[in-house]
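Take a look at the structure set out below.
The values are calculated or read from the model by the stated rules, or taken from the named source; none is laboratory data. Remember, predicted model here, so these are calculated numbers, not experimental data. Here the Cβ positions follow ideal geometry from the backbone for every residue, glycine too, while neighbour counts run over all protein chains shown. Note: accessible area is taken over every heavy atom of the protein model, side chains too, but ligands, DNA and RNA are not part of it. Shrake-Rupley method; radii C 1.70, N 1.55, O 1.52, S 1.80 Å.
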Amino acid sequence: MLIIAKEPVPGRVKTRLTPPYTPAEAAALAEASLADTLHAALAMPARRRVLVLDGQPGPWLPPGFEVVGQCDGGLDERLAAAFAACRGATLLIGMDTPQVTPALLAPALSPGSRHDCDAWFGPAADGGFWALGLAEPDPELLRGVPMSTATTGAAQRRRLTDAGLRVRDLPMLRDVDTAEDAVLVASDAPGGRFARTLARLSSRATAR
């Protein structure tokens, strides 16, 4: 299992949350989102759990993960390189969906997940994707796919089907990109660290 992430450093993460949040507050939300994602991954029956990280690990990283650095290049190249380093069925998720749960991931990691299926695809509400599972990791399935657009998810899924892969879909999730996204995602997972962090920051803003 791969989690691709960026170190939660103020000014480098979640810049679309500023404003209304300060860079430090946006980084706190990013750290909470990443922590929730990592703990969901720990609950899954994966043989390896690899954090593909842009930056350095911090106290937010629980035991149980290998850490490898991201390569240079665009997001398509970085995702491709992450898959290229794997052997056997691999599921990749990002750090922007703290509402992810073991139950949501289970179909792609269950013993029968590869029966009549070559790939699992998790679409995102903004037109991207939050999860991609490949029975046989092939970096060429990602290279050249235009990233960070409203049609990225459709283009990536089409790349899979054009290659003749049998694709199954995971539920659509919302990435945390804007303040509105943060509120909606927190309401979907009110017991998580992300929701608690958002509530604390909102209370602090109200008190100002």
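Quick notes on this one:
- Estimated 222 nm signal from helices in the chain, with DSSP H stretches of n ≥ 4 weighted -39500 (n - 2.57), rounded to 500: -11000 deg cm²/dmol
- Taking other residues whose beta carbon is less than 15 angstrom from the beta carbon of Ala189, and scoring Lys, Arg as +1 and Asp, Glu as -1, yields -2.
- Taking every full run of DSSP H in the chain, the ones that stretch at least 27 Å from end to end by Cα along their long axis and average 0.5 or higher on the Kyte-Doolittle scale are 23-42.
- R0 of 41 Å, Cβ-Cβ distance Cys117-Leu184: FRET efficiency to nearest 0.05: 0.85
- In nm, spacing of pseudo-spin labels at Asp72 and Val9 (7 Å Cα→C-beta vector): 1.7 nm
- Two-site FRET efficiency, Ser202 against Arg16, from Cβ-Cβ distance with R₀ of 22 Å, rounded to 0.05: 0.80
- Alpha-carbon centroid distance for the pair the range 114-144 / the range 1-76, whole angstrom: 20 Å
- For the chain, the carbon plus sulfur part of the accessible surface works out to 54%, probe radius 1.4 Å.
- Percent RCO, i.e. relative contact order, over the range 56-208, from Cα pairs under 8 Å lying at least 6 residues apart: 25 percent
- Converting phi to 3J(HN,Hα) with the Karplus coefficients 6.51, -1.76 and 1.60 and the offset θ = phi - 60°, the range 53-65 yields 10, 9, x, 10, x, x, x, 6, 8, x, x, x, 10 Hz in sequence order, with x at every glycine or proline.
- Of all DSSP beta bridges in the chain, antiparallel share, percent nearest 5: 40 percent
- A full extension of the chain between Leu42 and Ala106 corresponds to an added length of 21.8 nm, given 0.36 nm per residue minus the alpha carbon distance.
- Using the Cα coordinates of the range 94-176, the gyration tensor eigenvalues translate into equivalent-ellipsoid semi-axes of 19, 18, 9 Å, sorted from longest to shortest.
- Where labels lie 7 Å past Cα in the beta-carbon direction, separation of Arg158 and Trp60 in nm: 3.4 nm
- In the range 1-122, the C-alpha radius of gyration followed by the widest Cα-Cα span (Dmax) gives 14.9, 47 angstrom.
- For the range 75-208: accessible area per residue (Å², 1.4 Å): 47 Å²
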